[in-house]
Amino acid sequence: MQTVEVSHIVKSFGTTQAVADVSFSIERGEIFGLLGPNGAGKTTTIRIMLDIFKPDQGTVSILGGPLTEDKKERIGYMPEERGLYQDIPLERCLLYLASLKGLSPAEARQRLKGYLERFDLAQHKNKKVKELSKGMQQKAQLISTILHGPELIIVDEPFAALDPINVQLVKDLMRELRIQGTTIIMSTHQMHQVEELCDRIVLINKGRNLLYGALNDIRRRYASHAVVVRADGELPPVAGVAEVVPHNGDVKLVLREETTPQDVLRALVAQGAPVERFEIAMPTLDEIFIRAVGEGGA
Amino acid sequence: MHRSWLVAQYEYKRLASQKSFILVLLSVPLLISLIIGLGVVMERLENNDAPVGYVDKAGLLADPIAAPQRASAPDSPGVPGLVTLLPFQTEEEARQALESRRIQAYYVVAEDYLKTNRVDLVYIEPPGENVNRQFWDFMQINRLSELPPEIARRAVAGSNLTVRWPEDMPGGGREFSQRTFINNFLPMIAGLALIILLFISSGYLMQVVVEEKENRTIEILVTSVTPNQLIGGKVLGIIGVALTQVVAWIVFLALVVFIGGDYLGVGFLRNLWVDPRTLLTLVAFALPSYVMIAALMASVGALVSEAQEAQQTTGLFALPIWAPYWLLALIIEYPDSPVSIGLTLFPLTALSTLSFRLAMAPVPTWQIALSLTLLILCAVGAVWLAGRAFRFGMVRYGQGLRWRDLVALGTGQLARPLPGGQHG
């Protein structure tokens, strides 16, 4: 059973079409990247999934069917920016939001204690939310999203305002949750985080699917016919190489159409070249994003 | 319902712990205490309870009858306002008593008083205002000594015009008494207090909703509760806060009346009384009025983007609610006129109009019943409308409120969420 199934949703506001045709499905226990440039329709898609908006067309299935009031307790949502009451103490705010998710006060307190300590917020629990730094508020918001132990988590820019230590903390937490079987939908512009965490992605632009599938498959699809080589010294000339390009201190060999990477590796070894690193040149997700959006927008 | 209750509890605790709530809660008791305290102090300063003497040369007070107590004077001796009148045989004895401070002053009733009405007052320092009042009552009743004492006392007590409605008509048995006329204005004062409270509470609710939108908290909330549960809970919480204030004020007022009237001898407090039926009627109207206005304010909060815009929009409700105060003279003079009846039946003006009419005369039961029914229906409708406003306005950021949005919301034409808040 798919945890989330979004099928050909369409949403317009007046004359503006926010979502033209978006479809994807997410399996239990995966981290799924919902990507796209600003204004692509990501937030509208999330709001349709959460039943804040009704789609004009298409269907959404969450946790095995339409979103019901009971299912809301099984979902955690962290909107981009803010989301917490600013004028009340942190602990009170988080306990209240947890109570709305069906958590008993005792259970909520117990869980909150652990999370506050883990996120280094325990000594700030009596401070008003507005008195906390942006990074602290971001962590607090994440706690609010996961405190009730949801099966599905939707997070919009989870790493915003976090320093590298806290980014690592959040990444570890997300991996932990995935191991526990929690499904995570992550919308972010930080592509390197997506590369590290996500199993699959959907890239939407102008309200439509642009790329969709397993991250490795997509990268392979966008891989150029080239290899990256690092050697202790200068590389000898190799037959079948069309172009040699410097690449972050290494060398990128762009191959002719009929040449395979294995041909090049064999030729280098045969010539006794001091090869330290040899890999197929895979594009970064940033490069794929720019290329796909550029092509899609052309 | 459980989630609405959680929201209600949260809103109640949040507001009840705010300094502004505590200030409002204490402001009325403090104000009343201040007014009454000043009154008591002034009365004490003006009055002097030391004995007063008299020398009766005319022989009118040989076998004196005690004067009746005025409404403002307490019955028991030794309490403020009541002085002891001491007879002296000669002016010399009286003067010695004055000089030795046993009395604060003495009156000399001239031998030819019946012809000249001459009475001299002798003092070292001017006596309290209560002294003259009491001495002249004393003189008056003793001039009427040929009459039976109870008749003499009644004559001195003077007139007290009382209008009483027949028992067999709605609101029958009510009185409008000359001496206790302040009681008849209490429903108006209570109505005004309730309306001010209504504005404070519902204004707070509107502010909360605007803040929730600004903070995006609303997006988290609606993924936990339905808009109707949310608005229902918030309105319940606000009503809880308002009731707390009303009950606190009533308890305090009751204490003031009890302590001030019975123990401190403040005359007007002893006669203070409100018809419980009138009070209950007002409370019955206040509750749905609170629900209605709070829900309407919450709707505005959900539709607008900024607190300032929300404040401006509240004029929509404030104007009709205050309208009866502009027409106060008309309603008081003609409580059964079509205008008064119309304002009683119109939900936004019902509470204030009724508080005026109940002060002046009984209001026919059918009008109360019809008005209350309309008010309750409107309150339910307002909560429904607020739920729609939440649904459509909660993710509408950075846009001003347009009239056509309100009309569309009210007529159900707003089939889709309003544009706005599209991020990515």
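The values are calculated or read from the model by the stated rules, or taken from the named source; none is laboratory data. Note that this is a predicted model, so its numbers are computed, not measured. Reconstructed Cβ throughout: ideal geometry from the backbone, glycine too, with neighbour counts over all protein chains shown. In case anyone asks, the SASA skips ligands and DNA or RNA and just uses the protein heavy atoms, side chains included. Shrake-Rupley method; radii C 1.70, N 1.55, O 1.52, S 1.80 Å.
Between exposed GluC sites (Glu not before Pro) in chain A, where DSSP calls loop and at most 10 other Cβ atoms lie within 10 Å, what's the longest gap?
In chain A, the maximal stretch lacking such sites is A:1-233.
Would you please give the residues with an amide H less than 5 Å from that of A:ASN209, counting only those at least 5 places away or on a separate chain, with H modeled from the backbone geometry?
Those qualifying (amide H under 5 Å, at least 5 residues apart or on another chain) are A:ASP21, A:SER23.
In terms of modelled amide H atoms, which long-range or inter-chain residues lie less than 5 Å from the amide H of A:ALA231?
For A:ALA231, whose amide H was placed from the backbone, the distant partners under 5 Å are A:GLU276.
Using the heavy atoms of the protein chains alone and a 1.4 angstrom probe, what is the accessible area of segment B:255-369 per residue in square angstrom?
Here the per-residue accessible area is 42 Å².
Could you do me a favour and compute the accessible area per residue for chain A, 1.4 Å probe, result in Å²?
Using a 1.4 Å probe on heavy atoms only, each residue of chain A averages 45 Å².
Can you compute the charge dipole magnitude of segment A:120-228 about its Cα centre, using +1 on each Lys and Arg Cβ and -1 on each Asp and Glu Cβ, nothing else charged? Give it in debye, rounded to the nearest 20.
280
Which value in deg cm²/dmol, rounded to the nearest 500, describes the helix-derived mean residue ellipticity at 222 nm for chain A, given -39,500 (n - 2.57) per DSSP H run of n ≥ 4 and division by the residue count?
-10000 deg cm²/dmol
Test of the criteria: in segment B:96-141, which GluC sites (Glu not before Pro) are in a DSSP loop and have at most 14 other Cβ atoms within 10 angstrom of their Cβ?
Passing sites in segment B:96-141 are B:GLU111.
Carbon and sulfur atoms: what percent of the 1.4 Å accessible area of segment B:47-158 do they account for?
Solvent-exposed carbon and sulfur of segment B:47-158 make up 48 percent of the total.
FRET efficiency for A:ARG175 and A:LYS127, Cβ-Cβ distance as r, R0 = 30 Å, nearest 0.05?
Calculated transfer efficiency: 0.55.
What FRET efficiency, computed as 1/(1 + (r/R0)^6) with R0 = 51 Å and r the Cβ-Cβ distance, is obtained for B:GLU129 and B:GLU309, rounded to the nearest 0.05?
With a Förster radius of 51 Å, E is 0.35.
What order do you get for A:205-216, B:249-260, A:137-148 when each peptide is scored by the mean count of other beta carbon atoms within 10 Å, highest first?
A:137-148, A:205-216, B:249-260
Suppose a student asked you for the relative contact order of chain A, using Cα pairs under 8 Å spaced at least 6 residues apart; what percent would you report?
Here the relative contact order equals 21 percent.
Under a point spin-label approximation (7 Å from Cα along Cα-to-Cβ), what is the A:GLU276-A:ASP232 distance to one decimal in nm?
0.8
Kindly identify residues of segment A:13-36 having a loss of at least 20 Å² in accessible area between the isolated chain and the assembly of all protein chains, probe radius 1.4 Å.
Buried-area filter returns A:PHE13.
Let a ≥ b ≥ c be the square roots of the eigenvalues of the Cα gyration tensor of segment A:224-281; is it rounded (a/c under 1.5), or, if not, prolate (a/b larger than b/c) or oblate?
Since a/c reaches 1.5 but b/c is at least a/b, the shape of segment A:224-281 is classed as oblate.
Solvent-accessible area of A:THR68, probe 1.4 Å, all protein chains present, reported in Å² to the nearest ten, please.
Solvent-accessible area, nearest 10 Å²: 60 Å².
So if we plug the beta-carbon distance of A:ARG118 and B:LYS13 into 1/(1 + (r/R0)^6) with R0 = 25 Å, what FRET efficiency do we get, rounded to 0.05?
It comes to 0.35.
Can you give the mean number of other chain Cβ atoms that lie within 10 Å of the Cβ atoms in peptide B:218-230?
Mean shielding by partner chains, rounded to a whole number: 6.
What ³J(HN,Hα) values, in whole Hz, does the Karplus curve 6.51 cos²θ - 1.76 cosθ + 1.60 give for segment B:3-14 when θ = phi - 60°, with x put for Gly and Pro?
Those phi angles translate into 5, 4, 5, 4, 4, 4, 4, 5, 4, 4, 5, 4 Hz.
Per residue, how much accessible surface does segment B:47-158 expose to a 1.4 Å probe? Answer in Å², no decimals.
Value returned for segment B:47-158: 57 Å² of accessible area per residue.
Roughly what would the spin-label model give for A:GLN262 and B:VAL119, points 7 Å off Cα along C-beta, in nm?
13.3
Given the pairs B:LYS13/B:LYS234; A:LYS130/A:LYS171; A:LYS139/A:LYS171; A:LYS42/A:LYS71; A:LYS72/A:LYS206; A:LYS72/B:LYS234, which span a C-alpha to C-alpha distance of over 18 angstrom in this model?
A:LYS130/A:LYS171; A:LYS42/A:LYS71; A:LYS72/A:LYS206; A:LYS72/B:LYS234
Under a point spin-label approximation (7 Å from Cα along Cα-to-Cβ), what is the A:VAL10-A:HIS192 distance to one decimal in nm?
Inter-label distance under the simple model: 4.1 nm.
Counting protein heavy atoms only and a 1.4 angstrom probe, how many square angstrom of accessible surface do chains A and B bury in total, to the nearest 100?
It comes to approximately 3300 Å² buried between A and B.
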